[in-house]
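Take a look at the structure set out below.
Nothing in this text is a laboratory measurement; each read-out follows from the coordinates by a stated rule. This structure is a prediction, so every number in the text was calculated from the model and none was measured. Don't worry about glycine lacking a Cβ; one is built from the backbone with ideal geometry, like all the others, and counts go over all protein chains shown.
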Amino acid sequence: MVEIDDKIYIQQVLDGKTSSFTCLVDKYKDMVFTVCYRILRQREDAEDAAQVSFIKAFNNLHAFKGGSKYSTWLYTIAYRTAISRSQIKKVDTVNEDFHIDIATDNSFPQLEALKSQEQEFYVKKAIEELPEIDGAIISLFYLDESSIQEIVEITGLSESNVKVKLHRARKQLKVNLEGLLHQETKSII
Amino acid sequence: MEKKDKDILKKGLEETSFDFTSKVMNQLNAEETALSNVLSKHGALETSPDFTLQLMSQLEGKSAKVEYTPVISKTMWMGIAAMVIGMVVLIFAFGTESNSEYAVGENLKNLSTSVGSFFTQGSTFMYILFAALIFSIALVVEQRVSHKESN
């Protein structure tokens, strides 16, 4: 059903009804932004990369043949846009004494005692502590529920590489979020 | 002796409860579900509220509508026509055994015969010329198609 909606909007855009693109933007903007943010780690850069990704998608919409899901095609554009920007950024800042200070305190307190907002802060911090690509893969896998095969298509990495990165990221998240996960696990069991 | 050792070792092993495996698997599944729940609850990021507005303002006046243009433009067709006419003139000039005694009208009458005979009795020069014409047309068409695809 979701895919049928996308196809309808895509056809409308290709027929010249540009306003239909709004529906596609609204539907995927948060995930596109999340993928860009996981790579770039800065809100302004990520939002800019997300905008560029949507413009690229719009300009090349006629090239989308529907062989994969529209979301997979779109996230591929977003991922590659963000990666190329991060490489430019790395070259620009290679000699600068620059680092992103996520939080001054690196410890993860017992998360079960925290309020929802604080939990959110520590979950985001835990994801940001992962390497950039691992963070993007984790987001695609858990937030978008993309399959391994789709992640392979988006990132261009091999299947075994994606599985290793996913396993490693999952393990690190489980360690960092132990308290919160323990509480959640108890509620599930 | 060997059997006796095995029996002793067997007695040393403790047996798990019958639902041990399912308990372990439930625990593992619950951990995975917990991670999934926590990440989907707190891991999502949101764009700024005016993201869509900003984006659509950039796309204002643009259209993703595909406007098909012919692979061979009018100028190209005119070029091809000129080449074909040139070929015919060449055939007219060299392909027939013309001499001054023949009038122009006679030559025109023989033109259709000459075009036919071009494929059967044409000289090597004519064949090369014809192959060059076909090759140049194919080259132009391929270049135009690949240029369009790259855009």
>> Report, in listed order, any pair from A:Lys69/A:Lys124; A:Lys27/A:Lys163; A:Lys125/B:Lys23; A:Lys7/B:Lys62; A:Lys27/A:Lys165 with a Cα-Cα distance greater than 23 Å.
In response: A:Lys69/A:Lys124; A:Lys27/A:Lys163; A:Lys125/B:Lys23; A:Lys27/A:Lys165
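Beta carbons within 10 angstrom, averaged per residue: use that to sort the peptides A:121-134, A:35-48, A:159-172, highest first. Walk me through the numbers on the way to the answer.
Working: A:121-134: 18.8, A:35-48: 20.9, A:159-172: 15.8.
Going from most to least packed, we get A:35-48, A:121-134, A:159-172.
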> Non-local amide H neighbours of B:Gly43 (under 5 Å, H modeled in plane, Pro and chain starts lacking H): which ones?
Replying inline: none
> Taking K and R as +1 and D and E as -1, what net charge do the other residues with C-beta under 15 Å from the C-beta of A:Lys163 add up to?
Replying inline: -1
> Using a simple spin-label model with points 7 Å from Cα along the Cα→Cβ vector, what separation in nm is obtained for B:Met25 and A:Cys23?
Replying inline: 4.2
